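What follows is a set of notes on a single structure, which appears directly below.
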Amino acid sequence: MLRARFAEDKLASLYRAGRIVGGVYLGRGQEALSAAGGVALRKGDVFAPLIRDMAGRLAFGEPLIDVMRTYLGSRLGPMKGRDGNIHRGDLARGILPMISHLGAMVSATAGVLLAKRMKKEKGSVGLTCLGDGATSTGSFHEGLNVAAVEKLPLVVVVADNAYAYSTPKDRQFACADLLDRAKGYGIEGEGVDGTDPEACLDVLGRAVQKAREGSGPQLVVGRLLRLCGHGEHDDGLYVEKDLKNSERGRDCLSVMEKMTQDRGMGKDWEKWKEAAHQEVEEAVKKASEEPVPDPFEEDWRATRTQGAAEAWVEE
Amino acid sequence: MSITYLDAIRAAQEKALQDDPSVFIYGQDVGKFGGAFKATKNLAEKYPGRVIDSPISEDAMVGLAVGAAMEGMKPVVEMQFADFSTVGLNQMLNHAATTYWRTGRPCPMVLRLPSGGTPGSGPFHSQSMETIYSHYPGLVVMTPATVEDAYSMLLEAIGMEDPVVFCEHKLLYYHLKAEALPSEAGPAFRAHVARPGRDVTCVAYSAMVHEALAAAEELAGEGHEIEVVDLRTVKPLDTDTILASVARTGRLLAVGESWPWGGASAEVVARVASEGFELLDAPPQRLNAKDTPIPYHPNLWAAHRPTAVRIAAALREVLRY
């Protein structure tokens, strides 16, 4: 959580300094829910994060240097400059690179899990994250329905942050609680206070465990707010003041800090903060010094099969 | 024994299931029922757990295949009709087609599209989708016109490391027959001269190859030798074979069953105009379906699509110049 927050704070200031190529979308306020998903998974599992999952990614094992390489345009990053920032992924590590079309990763993650089942690889779980807005897509419905039909070990984590970009949730769906949808799919679901790190660990841990044990897809709905705009280009002024000042608008990182103090771990917290700061600064420095993509070295081939490229591509 | 185009598609899938444990088939009613056109008949019984019925969820069908392909499987997705693949376009165009470019890892999957018009099928069960898929980078788009190609190209598609859109023509399913399945495949990504000639090059693909061959036969009676080029694969497009043919004939008619705005026939004309301008003795022409939804009634449908009669008329125009 600390590394994610500091990394994103750094990215926000680099963005304002004009040093980032493309957009910056932060997960400020959503770190507890996201990280809990990453913590609950283990090696061999599959993680399909969305735009506010820096914390989950780092918890699942994505190297911080790959984060900075992508945002700062190093050619050594996992996407080599061909795609950027929140779209980064690393299939070898089990991190699916998201496409922008919301809900699309649900069926893709289900597909990975179906393949693992067919290959007789047992015990793997897939976890994908999205926001309340993404639940309005047909893709979300089709994906979750297929996963339920196939009884796949898929955990779908909905960060219900009350707004999809600027649209409040009463313009997004008419059901009282997104959790009610679980019943319609014939799957289990559990809600959680997304600002409470302990509760998130508990609920996500349980959901992943149930999926692993063969109980089929699990829906987790975390209630929280994003404590920033949709992207760094957005001031987020549309978020209602009352909501911001409510329990839902708590900063999970402050909750975490208080928790450590209450348990006499205040000094540890300070040490962790310092270590996280240092790690972020080092990653930024390293990535900044690395070479950028070179259009003359790019092969400009979108296909892999020999001969499948059009005549205007040099084989 | 005679083998239909549809038998060939079924046989290719059976061989792929037999030869490669990573192949599986996914689609609506493909399991015990054997598919809407019976292209997977008896395969679920023979290969348990590998011929899987999907819900009516085209987006999720393709999305699931993308995930499975990323995980090393080789899914073959059957759309009930090519027309319905529009619902899964996002996953195919934005997900499957971008995966190799974005990640450097292959996304080997085949999207089988029962394509093209048949009498009485109407606006939503008759479409040819190759134009849309070919526009997007990262996909191979195959349009086999013969029983032999339906078999060997489907096997080739399943063996590829890229996502392949396999446009099989419904009009050819039952009527087109061959004596036996081919033991050898035609060259990958190469067009084929289906009928040699020296007066006009008529480029066609899928069911239009047969209309073009019938038109060529008709014009032979009038003393004209039409060379018919079967593209076989529309993406990548085999420009070399087309240009070599135009070098022999000096005239070009490109035929496509899809709509006239853009598409394979437009691409053929564009490439011949820019790369083979000096070979031409007449302006290169194209013939496509009319620019309306595909009509339901057979009388209207027969006038909507290019037929041997319309192709013959267009060839006479090209010859007259």
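Taken together, the values in this text are just the output of simple stated rules run on the coordinates, not laboratory data. Here the structure is a predicted model, which is why all the values come from computation and not from measurement. Quick reminder, even Gly has a Cβ in these numbers, built from the backbone with ideal geometry, and neighbours come from all protein chains shown.
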Select from B:PRO163, B:PRO108, B:PRO196 the residue whose mean-square fluctuation is largest in a Gaussian network model of chain B (Cα-Cα springs shorter than 10 Å).
-> B:PRO196
When chain A is treated as a GNM, springs tying every alpha-carbon pair under 10 Å, which of A:LEU91, A:LEU178, A:LEU154 comes out with the largest mean-square fluctuation?
-> A:LEU91
Rounded, prolate or oblate: pick one for region A:36-109, where a ≥ b ≥ c are the square roots of the eigenvalues of its C-alpha gyration tensor, a/c under 1.5 means rounded, and failing that, prolate if a/b is larger than b/c, else oblate.
-> oblate
Rg to Rh for region B:263-310: what is it, with Cα atoms only and Rh by Kirkwood?
-> 1.13
Note down the relative contact order for chain A as a percent, whole number, built from C-alpha pairs under 8 angstrom at least six residues apart.
-> 22
Mind listing P(r) for region A:83-130? All alpha-carbon pairs, 10 Å bins, whole percents.
-> 24, 54, 19, 2
Order by neighbour count: B:TRP101, A:TRP300, fewest other Cβ atoms within 10 Å first, most last.
-> A:TRP300, B:TRP101
For an R0 of 51 angstrom, estimate the FRET efficiency from the Cβ-Cβ distance between A:SER100 and B:ALA220 and round to the nearest 0.05.
-> 0.40
Longest principal axis of chain B (C-alpha) makes with the long axis of helix B:208-220 (C-alpha) an angle, in degrees to the nearest 10, of 20
So, with +1 on the Cβ of K and R and -1 on the Cβ of D and E, and no other charges, what is the size of the charge dipole of chain B about its Cα centre, to the nearest 20 debye?
-> 340
From the C-alpha gyration tensor of region A:226-312, square roots of 5λ in Å | 44, 24, 13
In this structure, among A:LYS244/A:LYS267; A:LYS151/B:LYS46; A:LYS80/A:LYS285; A:LYS43/A:LYS80; A:LYS10/A:LYS273; B:LYS235/B:LYS290, pairs with alpha-carbon gaps over 20 Å are A:LYS244/A:LYS267; A:LYS151/B:LYS46; A:LYS43/A:LYS80; B:LYS235/B:LYS290
Residue-wise HN-Hα coupling along region B:151-168, computed from phi with Karplus coefficients 6.51, -1.76, 1.60 (Hz; x: Gly, Pro) | 6, 6, 6, 5, 5, 4, 4, 5, x, 7, 8, 10, x, 10, 9, 10, 8, 9
By the C-alpha gyration tensor axes a ≥ b ≥ c (rounded if a/c is under 1.5, else prolate when a/b exceeds b/c, else oblate), the shape of the protein assembly as shown is prolate
Treating the beta-carbon of each Lys and Arg as +1 and of each Asp and Glu as -1, no other charges, what is the dipole magnitude of the protein assembly as shown about its Cα centre, to the nearest 20 debye?
-> 1060
With springs only between Cα atoms under 10 Å, which of A:GLY73, A:GLY184, A:GLY84 fluctuates most in a Gaussian network model of chain A?
-> A:GLY184
P(r) over all Cα-Cα pairs of region B:3-178, 5 Å bins from 0 to the longest distance, whole percent per bin, short to long, reads 2, 9, 19, 23, 23, 15, 6, 2, 0
Under 1.5 on a/c is rounded, so check that first for region B:127-179, then, if it is not, pick prolate when a/b is larger than b/c and oblate when it is not; a ≥ b ≥ c are the square roots of the alpha carbon gyration tensor eigenvalues.
-> oblate
Go through region A:55-67 residue by residue and turn each phi into a ³J(HN,Hα) via Karplus (6.51, -1.76, 1.60, θ = phi - 60°); whole Hz please, and just put x for glycine and proline.
-> 5, x, 4, 5, 5, 7, x, 5, x, 4, 4, 5, 4
How large is the convex hull of the Cα atoms of chain A per residue, expressed in Å³ as a whole number?
-> 149
Percent relative contact order of chain B, based on C-alpha pairs within less than 8 angstrom and at least six residues apart?
-> 16
In region B:3-178 the DSSP beta bridges are antiparallel at a rate, in percent to nearest 5, of 10
Estimated translational D of region B:192-320 in µm²/s (Stokes, Kirkwood radius over Cα pairs; 25 °C; 0.890 mPa s) | 171
Where both residues lie in the protein assembly as shown, what percent of DSSP beta bridges are antiparallel, nearest 5?
-> 15
Of all DSSP beta bridges located in region B:192-320, what percent are antiparallel, nearest 5?
-> 20
Determine by what factor the alpha-carbon radius of gyration of chain B differs from 2.2 N^0.38 Å, reporting the quotient.
-> 0.98
With the dipole of region B:226-321 worked out from charges on the C-beta (+1 for Lys and Arg, -1 for Asp and Glu) around the Cα centre, which of B:ASN299, B:LEU237, B:TRP259 lies farthest toward the positive end?
-> B:ASN299
Report, by chain and number, residues whose modeled amide H sits under 5 Å from the one on B:ARG286, excluding near sequence neighbours (fewer than 5 apart, same chain).
-> B:ALA254
Degrees separating the helix B:5-19 axis from the principal Cα axis of chain B, which is the longest one = 40
